[in-house]
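So the structure is just underneath, and the comments pick up after that.
The values are calculated or read from the model by the stated rules, or taken from the named source; none is laboratory data. Please read all numbers here as calculations on a predicted model, not as lab measurements. Please note: Cβ atoms are built from the backbone with ideal geometry, for glycine as well, and neighbour counts cover all protein chains shown.
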Amino acid sequence: MNCAHEMPFGARLLPDGRARFRLWAPDARRVDLVRSAGPERGEAPMRSLPRGWFELTVPHADASTRYAFRIDGDLLVPDPASRCNPDDVHAASALVDPLAFHWPDGAWRGRPWQEAVIYELHVGCFTPEGTFLAAIQRLDALVSLGATAIELMPVADFAGRRGWGYDGVLPFAPDASYGTPDDLKRLVAAAHERGLMVLLDVVYNHFGPEGNYLHRYASAFFNPDVHTPWGAAIWFDGAHSATVREFFIHNALYWIEEFRFDGLRLDAVHAMRDRSRRFIADAIAQALRSGPGRTRNVHVVLENERNEASRLARLARGTPRFATAQWNDDVHHALHAMVTGERDGYYIDYADDPQRLFVRALAEGFGFQGEPSTLRHGAPRGTPSIHLPPLAFVNSTQTHDQVGNRAHGERIAELAERQRRTSALRALVACVLLSPPVPMLFMGEEFAASTPFLYFCDFAGELARAVTAGRRNEFRHFARFADPLERAAIPDPNEEATFRRSKLNWAERQQGAHREWLDFYRGLLVLRRAKLMPRLPHARSGTWSHEPGQAMQVHWALGRRAAWHLRANLSDVPVECAPPERGELVYDSGASGGAMAPPWSVRVSLEGA
């Protein structure tokens, strides 16, 4: 089977050996095609078309052709829709023939969302080699763990040899530091062979600070009056928004159709400014559902600080209208506050009663459903979500964000051990993995990896100095980093050593406490797969109780008179608890069947099995 996505942007090899090149450059008076390698070298003027398009079809081209565009006889830029940029973001693009790759997984139709157990990973840090091909060698370990999906942090081409991926500037080109486009396809095919879905994190709210030339010849991509924390906002509702929107919608379709990804995670949807009739994230989800989603399972996951339940709306038959699910930061933040006691930054909203917010988020989805946010100076945050099914939410105990955005990249297992709160963390992990919402693990979490996950990049010159200083200054309001010497000790993002420290040490998995954590995670995921997963299509939002001095309880109806019951004491002292629910005991962390629940104990049962 061969797969290619056709789009109006970029370069395309034609069946007769010709190649068509297209560029949208509404600010340019003239555009020349520059070929530096391949059958024909040299420059040739491109034909100007209406509405800012330039096009040229050449008689001879192949996959060895290197090309770029010269704007107004001066600026030489890569193709913004390049499928491959072997020499980084400032160099020429490489022509790719997507039909040359033969897919061995033609029968793959994905997996239904209720089977999702997601494992988030950074390709560069997942293995010592840090490549797409090296990642294949670790897939069996993820299957053995109980994961059913991997989620790759962004792979779109970014400046330099290392980075998180959220500063990408060529959204169609897999970063060459990880391998070739075909290498990425081999990773996806290998995952499918093992029954693993593959999701991709994509960034449609901004471009990175280095290597983005669009503002020079297509300024209509950016709204000059709106800025995100990472740069100028994408102009999804401007005068030229039809073409801008088409660029990103085609990018989403490209990853699903040409690379056979099983879904996308849309980064920072709250930073997408769009007053169009159809919000851009909804339009992307709709395009995927009405396109490749007609013949296989395709999932769309959001990151959205606004907690907008409307983005997760369900149709009458229970299927998603737009997005499949959203990362539920309320679960993570409340959990983190319980384990660490931290109140800095966004944890301030969870400082007073984290147990209540945690239980509510497990049961109903959002912890904040319109309540005032201290972090937002009293402004309301969120909308009611009790009408949504549990599968509309992805819960986690840690993610790349909440680990990597710490000054020293500590994982929560290290923080828990440091504060002698490991029993608390174990109980909370059990609550997350044995609740109906989709669980997500961050790479290395399952064996309490000792390696940090730090913020790293590979900029140069003044930009590098600004990023290093900015990274350290962003912590100046934290009590721990009030001292300039403490801030100076924060790892420099641009140093290669910062990146190398973030690579997983796989040997740890079989050692001491790391092995104990691994066995713990495996055991919980075995229970989830056997007892809970088959009943999730019928799961409804839960009911819950959390009273002082009593164990918290959550009950989810699973359809056909079945119900899932979770009872937990999320405190340091024994508390009263109601009599055990009827049904099959699925999990008991120990001695929690009496009238008093021990500290940090969890009991789960299935009624009506």
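Brief remarks on what is shown
- V339 at pLDDT 95 or above, under 23 Å from L388 (Cα atoms) and hydrophobic (A, V, I, L, M, F, W, C): no
- Residue in the stretch 303-320 that is out of contact with any strand residue (DSSP E or B) (no Cβ under 8 Å at 6 or more places or on another chain) and crowded, with 21+ Cβ neighbours inside 10 Å present: no
- S241 within 30 Å of R471 (Cβ to Cβ) and small (G, A, S): no
- The residues in the stretch 407-455 that are touching a Phe, Trp or Tyr at 6+ places or on another chain (Cβ under 9 Å), surrounded by fewer than 22 Cβ atoms within 10 Å (Cβ to Cβ) and on the phi > 0 side of the Ramachandran plot can be counted, and the count is 1.
- Filter result for D97 (closer than 30 Å to R535 by Cβ and surrounded by fewer than 23 Cβ atoms within 10 Å (Cβ to Cβ)): no
- Among residues of the stretch 22-33 that are part of a strand (DSSP E or B), those with a Cβ under 6 angstrom from a residue that is charged (D, E, K, R), sequence gap 6+ or separate chain, pair up as R22/E55; D32/E43; D32/R70.
For (1) under 25 Å from T148 (Cβ atoms); (2) in contact with a strand residue (DSSP E or B) (Cβ under 9 Å, 6 or more places away or on another chain); (3) surrounded by fewer than 21 Cβ atoms within 10 Å (Cβ to Cβ), each residue gets a yes or a no:
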{"position": "H215", "(1), (2), (3)": "no, yes, yes"}
{"position": "H227", "(1), (2), (3)": "no, yes, yes"}
{"position": "A233", "(1), (2), (3)": "no, yes, yes"}
{"position": "F261", "(1), (2), (3)": "yes, yes, no"}
{"position": "I280", "(1), (2), (3)": "no, yes, no"}
{"position": "L288", "(1), (2), (3)": "yes, yes, no"}
{"position": "N297", "(1), (2), (3)": "yes, yes, yes"}
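- Screening M1 with (1) surrounded by fewer than 19 Cβ atoms within 10 Å (Cβ to Cβ); (2) touching a residue at least 60 places away in the same chain (Cβ under 8 Å); (3) aliphatic (A, V, I, L, M); (4) not in a loop (DSSP other than H, G, I, E, B) gives one miss only, at (4).
- Helices (runs of 4 or more DSSP H) completely within the stretch 356-466 that count 1 or more residues being outside the structural domain of N569 (by TED's automatic domain parsing), at pLDDT below 95 and under 17 Å from S502 (Cβ atoms): 400-404
- Test: residue in the stretch 341-354 that is touching a Lys or Arg at 6+ places or on another chain (Cβ under 9 Å), assigned to a helix (DSSP H, G or I) and surrounded by fewer than 23 Cβ atoms within 10 Å (Cβ to Cβ): no
- Looking only at the stretch 459-489, residues that are more than 25 Å from G168 (Cβ to Cβ), small (G, A, S) and either in contact with a strand residue (DSSP E or B) (Cβ under 7 Å, 6 or more places away or on another chain) or touching a residue at least 40 places away in the same chain (Cβ under 8 Å) (or both) come to 1 in all.
- Some residue of the stretch 417-426 being touching a residue at least 60 places away in the same chain (Cβ under 8 Å), closer than 27 Å to A325 by Cβ and in contact with a Leu (Cβ under 9 Å, 6 or more places away or on another chain): yes
- Members of the stretch 283-304 found to be assigned to a loop (DSSP other than H, G, I, E, B), within 20 Å of the chain's Cα centre (by Cα) and touching a residue at least 40 places away in the same chain (Cβ under 8 Å), listed by number: N297, V298
- Condition met for A63 (free of Cβ contacts under 8 Å to residues at least 40 places away in the same chain and aliphatic (A, V, I, L, M)): no
- Pairs meeting the criteria (first residue in the stretch 558-581 and touching a residue at least 24 places away in the same chain (Cβ under 8 Å) and under 27 Å from R529 (Cβ atoms), second residue basic (K, R) and outside any strand (DSSP E or B), beta carbons under 6 Å, at least 6 apart or on different chains) are L558/R535; A562/R535.
- Per-region count, the stretch 200-212, residues buried (at least 19 other Cβ atoms within 10 Å of the Cβ) and more than 20 Å from the chain's Cα centre (by Cα): 3
- Residues of the stretch 348-361 satisfying the condition of being hydrophobic (A, V, I, L, M, F, W, C) and closer than 13 Å to H333 by Cβ: I348, A351, L357, F358, A361
- Residue match in the stretch 34-44 (condition: in contact with a Phe, Trp or Tyr (Cβ under 9 Å, 6 or more places away or on another chain), among the aliphatic types (A, V, I, L, M) and buried (at least 18 other Cβ atoms within 10 Å of the Cβ)): no
- Residue list for the stretch 179-211, restricted to those being within 25 Å of I234 (Cβ to Cβ) and hydroxyl-bearing (S, T, Y): Y204
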